[in-house]
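Just so you know, all these numbers are worked out from the coordinates, no wet-lab data involved. Nothing here was measured: the structure is a model prediction, and the numbers come from that model. Note that each Cβ is placed from the backbone with ideal geometry, even for glycine, and that neighbours are counted across all protein chains shown.
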Amino acid sequence: MTATAMPAGTGAAHGGDAHAHGHHYTTTGLDNRKIAIWALIGSECMLFASLISTYLIYKGKSLVGPYPHEAWTDPATGTVYNPILNIPVTSFSTFVLLMSSLAMVLAHNAVVNKGKPRTGFWQKLEGNSVFWLVATALLGTVFLMCQAYEFTSFVHEGLKLGTNLFSSSFYTLTGFHGAHVAAGVLWLWTLAFIDLKRGLGPADGISVDICALYWHFVDVVWIAIFVLLYLIK
Amino acid sequence: MADSAHAHAHDEAHDHHPTAKTYLWTALFLTIVTIVEVSAYYYKPWEESAIYVPSMIFLSAVKFAVVAAVYMHLKYDHKLFRNLFVGPLVIAVLTLIGLLFLFGKAAISLATPA
């Protein structure tokens, strides 16, 4: 049983999301697209939990280096390998991802409140959804560039996918996360392009909301990865 | 029936609506917690202490919860969304802990005779 007539704004936490959308609602009164994205996010929790478990189970069990936090000397060649993880670069990319989440909520805020009268520089900037969508996409791109730099430098330092247990589990986990970020960045550029072409308004709030939920999920996963992989030795 | 469900959802969905100011304060809080985390990594007395790992997990859990509550609107949104997220998350965390007990260092130390 699906209800078709809905009060304006129902089904989202933000005013105006449901305007002009007489469909997509269930008997719960909630937008089924939003229920679907939350179900997807729930299942993604399982995926990342399994990848994090694998990493933690193999942690400290690599027979050969390079290691994440300790130096290692190759007994065959005498080559000394420094600890592989680059905490300053990763801290910077973590900060970038956190700021991208801020830009994302501001983009959503700007879309659902489009049409409100705004005066002054900050208010106009706050209401500029294209700016915030592009900012989010750019910050996501910077995060991906940091990850590409990190992977490249690791490979140059001798840590390839099959080098040891650490490298296999590390690249798999961070690679999966990076793939999610890449998908999110593509999604964001698409929204920014649509906003630029025809403009996104309150009726499109749910579309931006769904993208925002996905993006914040990618952010919270990184919050866990950053501590468990990088900061805990 | 459906109307009452809609009205209920409508009420729950619009109890609060975070403003840009709330989002900025949240970002500031998250930045400060991240700075504390990274500082702890470099501050040897903390990094070598027994409370290091629990404190880092606690701080990341706080960040996780704040992003989920404020940015993902779980604090303001319908409880069904909260259940759809928290339910699988709890199962995922319990699975992670179970796997660590089965195959992690704890399992090895339990299996090794004294």
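In the range A:105-130, the qualifying residues are those that are among the charged types (D, E, K, R) and not in a helix (DSSP H, G or I), and the one that is surrounded by the fewest Cβ atoms within 10 Å (Cβ to Cβ) is A:K116. Scanning the range B:30-55 for residues that are at the interface with chain A (Cβ under 10 Å from one of its Cβ atoms), hydrophobic (A, V, I, L, M, F, W, C) and surrounded by 13 or more Cβ atoms within 10 Å (Cβ to Cβ) yields B:L30, B:V33, B:V38, B:A40, B:V53. Restricting attention to the range A:193-214, the residues that are part of a helix (DSSP H, G or I) and under 25 Å from B:L74 (Cα atoms) add up to 13. Residues that are surrounded by 13 or more Cβ atoms within 10 Å (Cβ to Cβ), in a helix (DSSP H, G or I), more than 10 Å from every other protein chain (Cβ to nearest Cβ) and in contact (Cβ under 8 Å) with a residue 60 or more places away in the chain do not occur anywhere in the range A:63-85.
If you scan the range A:161-182, which residues turn out to be closer than 18 Å to A:E44 by Cα, surrounded by fewer than 22 Cβ atoms within 10 Å (Cβ to Cβ) and small (G, A, S)? Of everything in the range A:161-182, those that are closer than 18 Å to A:E44 by Cα, surrounded by fewer than 22 Cβ atoms within 10 Å (Cβ to Cβ) and small (G, A, S) turn out to be A:G175, A:G178, A:A179, A:A182.
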